[in-house]
Amino acid sequence: MIKSFYAGMDLDAPCGRCKGETRHQVLTITDGVPEKLICGNCRSVHKYRAEKPKAEPKARPTASAKHTLQAQRPVQSLATMFQRVLAEEQGGASARPYSPATRFDEGQWMDHTSFGLGKVQKRLGKKVDVLFRDGLKTLISG
Ligand SMILES: [Zn+2]
């Protein structure tokens with residue numbers, strides 16, 4: 001949708017002072033977009049807030065908490081899955097600190113300084129595929 005703006009046109013926009021959408025008159029245009037508006041109701045001059053009507057999600061903690069939960073669900077489930085494997089197999093107890101010179105075999109646990117605890121999934125030559133909380137990483141081993 002292409003909407004052309006021009007100075008002097010009427011425009012419905014949110015007014016901070018009136019706490020709602022009011023009829024404004026466009027005073028200046030920058031790059032084809034209204035920059036300054038004057039409110040037809042309270043006559044205050046303010047900037048046009050394009051594409052952000054009622055930008056106050058932080059004022060509603062319930063709604064924003066729900067939103068955050070949904071956004072993080074995939075990450076949480078991976079972490080939860082990993083934690084369950086970790087707990088079931090008590091990997092933390094048998095984990096050895098990782099170093100490229102230490103040999104790790106399939107099924108063994110390591111404690112990596114950056115990735116945390118991980119379980120060796122596969123060994124191939126001098127490389128191992130290790131499942132960490134963040135996902136699978138390939139590391140040099142032994
Ligand atoms: Zn106003």
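What follows draws every value from the coordinates through simple rules; no lab data is involved. As the structure is a computational prediction, the values presented were derived from the model and not from experiment. A quick note on method: Cβ atoms are made from the backbone with ideal geometry, for glycine too, and the neighbour counts reach across all protein chains shown.
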| message | Apply the Karplus curve 6.51 cos²θ - 1.76 cosθ + 1.60, θ = phi - 60°, to the phi angles in region 113-127 and return the couplings in whole Hz, x for Gly and Pro. | response | 4, 9, 9, x, 6, x, 10, 5, 8, 7, 10, 9, x, 9, 10
| Each residue of region 97-108 in turn: what ³J(HN,Hα) in whole Hz from Karplus with 6.51, -1.76, 1.60 and θ = phi - 60°, glycine and Pro shown as x? | x, 6, 8, x, 7, 7, 8, 10, 10, 3, x, 8
| query | Between ARG17 and ASP111, what length in nm is gained on full extension when 0.36 nm per residue of separation is reduced by their alpha carbon distance? | reply | 28.1 nm
| task | Quickly rank 17-23, 129-135 as a protection proxy: mean count of other C-beta atoms within 10 Å, highest first. | result | 129-135, 17-23
| query | Using θ = phi - 60° and the Karplus form 6.51 cos²θ - 1.76 cosθ + 1.60, what ³J(HN,Hα) does each residue of region 7-21 get, whole Hz, x for Gly and Pro? | reply | 4, x, 6, 8, 8, 7, 8, x, 10, x, 6, 7, 6, x, 7
| request: Whole Å is fine, so just give me how far the alpha carbon centre of region 18-46 lies from that of region 99-139. | output: 60
| remark: A chain fully extended from ARG96 to THR30 at 0.36 nm per residue, minus the present Cα-Cα distance, gains in nm 17.6 nm
